[in-house]
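Chemist: Before I ask anything, here is the structure I am working with.
The values are calculated or read from the model by the stated rules, or taken from the named source; none is laboratory data. Predicted, not measured: the structure shown is a model, and the values here were computed from it. Reconstructed Cβ throughout: ideal geometry from the backbone, glycine too, with neighbour counts over all protein chains shown. For the accessible areas, the whole protein counts, side chains as well, though only heavy atoms, and no ligand, DNA or RNA atoms are used. Shrake-Rupley method; radii C 1.70, N 1.55, O 1.52, S 1.80 Å.
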Amino acid sequence: MAAFNAKILDFSFLDQTEFKTKYALGPGRNQMNFYVGGIRCGKCVRKLEALPLKVAGLRNLQVEMGKNLAHIEIDPKQGSFSLIAEEIRKAGFQPIPLSNEEGFLLQEKKEDREELIRLGVAAMCAGNIMTFSFATYLGATGEWESLFAWLSFALYLPVVSYVALPFYRGAWSSIKQRQISIDLPMAVASFAGFAFSTIQLLRGRSDIYYDSLSGFLFLILISRFLQKRMQRNFLGARELSETFELQRVRKTNASGWEWQTLDSLKPGDHFLLQAHETLPAEAELLSQQAHFSLAWLSGEAKARTFLQGATVPAGSRLVSGEAELLCKKLLAETGFGQILSEVQKYSLSRNRTVIMADRWAQWLLAAVFSIAALFLLMYWHISHEEAVRRSLALIILACPCAMAFGTPLALAVSLRRAQKAGLVIRDANVFELARKVRTIFFDKTGTLTDTELSLNEDPAIFPSVYQKVILSLENKSLHPIAFAFRKAFTISGQLPPADAYREIPGSGVSGYIYGRYYELKRSSALTSTTSCTLFEDEKPVLTFTFSARVKEDCLETLQKLRQRGYHLILLSGDKAGAVLPLGLTLGFKDDEIHHSLTPTQKAEMVSRKANSAMIGDGVNDSLALMSADVSIAMSGGVEAALKSAQVYYSQTGIAGVLSLFEISAEAHALIRQNLIVSAFYNVIGALLALLGIVNPFLAAVLMPVSSGFILLSTWIRGRT
């Protein structure tokens, strides 16, 4: 991690009213975003995210590793923005307050420009030093050899003083924190190699390593630059938006409309929405009317009708036709946008696998320095020069860079693949947990079947007076049966009022209409369909039956899960008559079908099974979801679902369940591959360096190979 090597900065301006107005966010103006320079790995992120435990007044600090973006929230009574910025600086980073997304992009470009300049200087110096070295290798002797050596010395001065500066800063910062960072071997190799080579040059010796050291630093900088670009690509916030198809927008103008990026949308813009597209902002409806589904916001299956002038919330999905709208509030400022943002801010640095890989990298660093120091002492009496040469080659070659960043990149690739499959991941630890799952519990309604019920009888056979009574009773209910009645019955005019209205969950609704007492009760009969009966003054008058369609990919997905060795169990609160026939049709055995369960009973059954997964409704099955090792919500609003589940599936069907387990297995394979390659490479490289087979020059050439392999393999996996 790179420290911010500058004068002691005064961040007091952040507490002034005019700057708070510009930078502070949130209803209480107690939040702020910082672009943080110097973040290199997961350990850097954990160091920053640990500050709330050490700094009074700092409520929360979350880092988006792929964007070097820190979101902070303070307690105005105890802390201040200037204090937090100073603490970030003391931790070895460069905090830059951001006022908006444009400011973030400017800082990102500025940092990229500085890194490219550093790369350019490294390339120029390394290339010329290498040219002089080749002349010596090809036979230049005497004065020419001495001249080329001194020219190499002169060209290495910018490398050791400017190009290697980030490594010195990072190494010094880690030493102050009593830690070992991956910058330390770079710093030691650069400076120690420079000192050794300069001493050899002054002694008139030919074994100097300005060429290998400059090439080594150049290759490391390239490797880090590519790593950073990959992190942005895989961890960028736009990835989650792709799950909800929020990347572009049709802006309207005098000549029609044109596609533009979502970032270009501003309040006051007119835009067009087509059927099945998600509203990318809070907007005013300009069309006469439009039908929107709010399923992702509230989980409500029934589409709502909005009239001209109505405000439609962001995240609503246009059911049919076309709608013209006026942007009122940007996505990031809306509740739906904040939900996406909160999920996106999940830090990979807190992932257990990443922490384990970082710990291994730390142990490897400590082992490399210990072995190098021990070898230097033991071999010193044999040959001073050979002891330094081999120890330096060991430090250069055995660097755990690939181990440190390979695991976060592998998880980032898995998150990207999951999002493309329609899976919104709240916690990346789910990949590790999913790999261990052996038993999968399924809810019935809304999971294996559609949430929407359909009335089996022809509505025309029921008297209109009773249709009005039923619609009046079910007018406020959110039960699937209520939606089925509202879909089947169409009555003109106003509905009669229902006095003393009452709804009992799991039982039915009741009230006084036209002076009579009506009850609509769910039937307890053991039938294969859901049914209810209308009572008039406690006498049954009509009976209705309903059915729910099994999701199209249900049977195929369940068969594939069984073929992979998973034990599947069906849990339902419905009666046996509605659950047993469906369960047997879908391949469940008698002892795998459980009916008439309360939410508590479902949770108890799930909790008794180790390494289990629960697939259900984000609201009704919340207890069971929280009791499972892995939980996937298949319906309900995103916000409510992710309070109890680790994963939300945004598409129809249940294929996302299979996708999660497949992606988890691939993530484990990629992480294992990266760790094995890094460990094997470092062990073999260390042995070759200590045996004198690999000198510092060859070590500098070989060192980035493992990093390059991991970058390439991760990039290939990310494209599939």
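Chemist: When Ser320 is evaluated against the numbered criteria (1) free of Cβ contacts under 8 Å to residues at least 40 places away in the same chain; (2) open to solvent by less than 70 Å² (accessible area, probe 1.4 Å), which criterion, by number, is the only one it fails?
Modeler: Of (1) free of Cβ contacts under 8 Å to residues at least 40 places away in the same chain; (2) open to solvent by less than 70 Å² (accessible area, probe 1.4 Å), only one is false for Ser320: (1).
Chemist: Suppose we keep only residues that are assigned to a strand (DSSP E or B) and open to solvent by less than 50 Å² (accessible area, probe 1.4 Å) within region 551-574. Which one would you say is nearest to Val465 (Cα to Cα)?
Modeler: Within region 551-574, the match that is nearest to Val465 (Cα to Cα) is Leu571.
Results for (1) open to solvent by 40 Å² or more (accessible area, probe 1.4 Å); (2) in contact (Cβ under 8 Å) with a residue 24 or more places away in the chain; (3) under 22 Å from Leu586 (Cα atoms); (4) not in a strand (DSSP E or B), shown as yes or no for each residue.
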{"position": "Ala428", "(1), (2), (3), (4)": "no, yes, no, yes"}
{"position": "Phe431", "(1), (2), (3), (4)": "no, yes, no, yes"}
{"position": "Lys436", "(1), (2), (3), (4)": "yes, yes, no, yes"}
{"position": "Phe442", "(1), (2), (3), (4)": "no, yes, yes, no"}
{"position": "Thr447", "(1), (2), (3), (4)": "no, yes, yes, yes"}
{"position": "Glu452", "(1), (2), (3), (4)": "yes, yes, yes, yes"}
{"position": "Glu457", "(1), (2), (3), (4)": "yes, yes, no, yes"}
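Chemist: Now for a separate question. If you take the residues in region 459-478 that are touching a strand residue (DSSP E or B) at 6+ places or on another chain (Cβ under 8 Å) and assigned to a loop (DSSP other than H, G, I, E, B), which one is farthest from Thr533 (Cα to Cα)?
Modeler: Lys476
Chemist: Residues in region 685-697 that are assigned to a helix (DSSP H, G or I) and open to solvent by 70 Å² or more (accessible area, probe 1.4 Å): how many?
Modeler: Qualifying residue count for the region: 1.
Chemist: How many of the residues making up region 575-620 are part of a helix (DSSP H, G or I) and of a type outside the set (Lys, Arg)?
Modeler: Of the residues in that region, 21 qualify.
Chemist: What number of residues in region 625-662 are in contact with a Phe, Trp or Tyr (Cβ under 7 Å, 6 or more places away or on another chain), assigned to a helix (DSSP H, G or I) and within 18 Å of Val437 (Cα to Cα)?
Modeler: 1
Chemist: Further question on the same structure: For Ala195, state whether it is farther than 15 Å from Trp150 by Cβ, outside any loop (DSSP other than H, G, I, E, B) and open to solvent by less than 20 Å² (accessible area, probe 1.4 Å).
Modeler: Spelling it out, it is not the case that Ala195 is farther than 15 Å from Trp150 by Cβ, outside any loop (DSSP other than H, G, I, E, B) and open to solvent by less than 20 Å² (accessible area, probe 1.4 Å).
Chemist: Restricting region 222-233 to residues that are over 12 Å from Asp112 (Cα atoms) and open to solvent by less than 30 Å² (accessible area, probe 1.4 Å), which is modelled with the lowest pLDDT?
Modeler: For region 222-233, the residue satisfying everything is Gln231.
Chemist: Of the residues Ala367, Ala357, only one is part of a helix (DSSP H, G or I), of a type in the set (A, V, I, L, M, F, W, C) and surrounded by fewer than 18 Cβ atoms within 10 Å (Cβ to Cβ); which?
Modeler: None of the others qualify; the one that does is Ala367.
Chemist: Within region 155-165, does at least one residue satisfy the condition of being open to solvent by 20 Å² or more (accessible area, probe 1.4 Å), of a type in the set (Phe, Trp, Tyr) and free of Cβ contacts under 8 Å to residues at least 24 places away in the same chain?
Modeler: no
Chemist: Here's a follow-up. Quick check, is Ala655 modelled with pLDDT of 90 or more and open to solvent by less than 50 Å² (accessible area, probe 1.4 Å)?
Modeler: Answer is yes for this residue.
Chemist: Could you count how many residues in region 56-79 are buried (at least 19 other Cβ atoms within 10 Å of the Cβ) and either in contact with a helix residue (DSSP H, G or I) (Cβ under 6 Å, 6 or more places away or on another chain) or free of Cβ contacts under 8 Å to residues at least 60 places away in the same chain (or both)?
Modeler: Of the residues in that region, 11 qualify.
Chemist: When both residues are 6+ apart or on different chains and their Cβ atoms are under 7 Å apart, which pairs have a first residue that lies in region 588-601 and is of a type in the set (Asp, Glu), and a second that is open to solvent by less than 60 Å² (accessible area, probe 1.4 Å) and at pLDDT 90 or above?
Modeler: From region 588-601, the pairs are Glu592/Leu568; Glu592/Ile569; Glu592/Leu570.
Chemist: Which numbered condition trips up Ile175, out of (1) of a type in the set (Val, Ile, Thr); (2) crowded, with 22+ Cβ neighbours inside 10 Å; (3) under 35 Å from the mean Cα position of the chain (by Cα)?
Modeler: Of everything listed in (1) of a type in the set (Val, Ile, Thr); (2) crowded, with 22+ Cβ neighbours inside 10 Å; (3) under 35 Å from the mean Cα position of the chain (by Cα), Ile175 misses just condition (2).
Chemist: Give me a count of the residues in region 11-60 that are outside any strand (DSSP E or B) and more than 30 Å from Gly406 (Cα to Cα).
Modeler: Total satisfying the criteria: 22.
Chemist: Could you tell me which residue of region 484-495 is modelled with the highest pLDDT, considering only residues that are open to solvent by less than 60 Å² (accessible area, probe 1.4 Å) and in a loop (DSSP other than H, G, I, E, B)?
Modeler: This residue is Phe489.
Conditions (1) modelled with pLDDT under 90; (2) of a type in the set (D, E, K, R), marked per residue:
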position: Lys420; (1), (2): yes, yes
position: Asp443; (1), (2): no, yes
position: Phe462; (1), (2): no, no
position: Ala482; (1), (2): yes, no
position: Pro505; (1), (2): yes, no
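Chemist: Oh, and also: State the number of residues belonging to region 201-220 that are part of a helix (DSSP H, G or I) and buried (at least 18 other Cβ atoms within 10 Å of the Cβ).
Modeler: So the answer is 12.
Chemist: All but one of (1) open to solvent by less than 70 Å² (accessible area, probe 1.4 Å); (2) over 31 Å from the mean Cα position of the chain (by Cα); (3) modelled with pLDDT of 90 or more hold for Ala613, so report the exception by its number.
Modeler: Against the list (1) open to solvent by less than 70 Å² (accessible area, probe 1.4 Å); (2) over 31 Å from the mean Cα position of the chain (by Cα); (3) modelled with pLDDT of 90 or more, Ala613 comes up short only on (2).
Chemist: Follow-up. Of a type outside the set (S, T, N, Q), in contact with a Ser or Thr (Cβ under 9 Å, 6 or more places away or on another chain), closer than 26 Å to Val413 by Cβ and open to solvent by less than 20 Å² (accessible area, probe 1.4 Å): is that true of Ala624 in this structure?
Modeler: So Ala624 fails the test.
Chemist: Okay, moving on. Condition test on Gly170, is it in contact (Cβ under 8 Å) with a residue 60 or more places away in the chain and either surrounded by 22 or more Cβ atoms within 10 Å (Cβ to Cβ) or not in a loop (DSSP other than H, G, I, E, B) (or both)?
Modeler: Considered against the rule, which asks whether it is in contact (Cβ under 8 Å) with a residue 60 or more places away in the chain and either surrounded by 22 or more Cβ atoms within 10 Å (Cβ to Cβ) or not in a loop (DSSP other than H, G, I, E, B) (or both), Gly170 comes out as yes.
Chemist: Oh, and also: Taking the conditions exactly as written (in a strand (DSSP E or B) and either in contact with a helix residue (DSSP H, G or I) (Cβ under 8 Å, 6 or more places away or on another chain) or within 30 Å of Gly616 (Cβ to Cβ) (or both)), does Phe271 satisfy them or not?
Modeler: Spelling it out, it is not the case that Phe271 is in a strand (DSSP E or B) and either in contact with a helix residue (DSSP H, G or I) (Cβ under 8 Å, 6 or more places away or on another chain) or within 30 Å of Gly616 (Cβ to Cβ) (or both).
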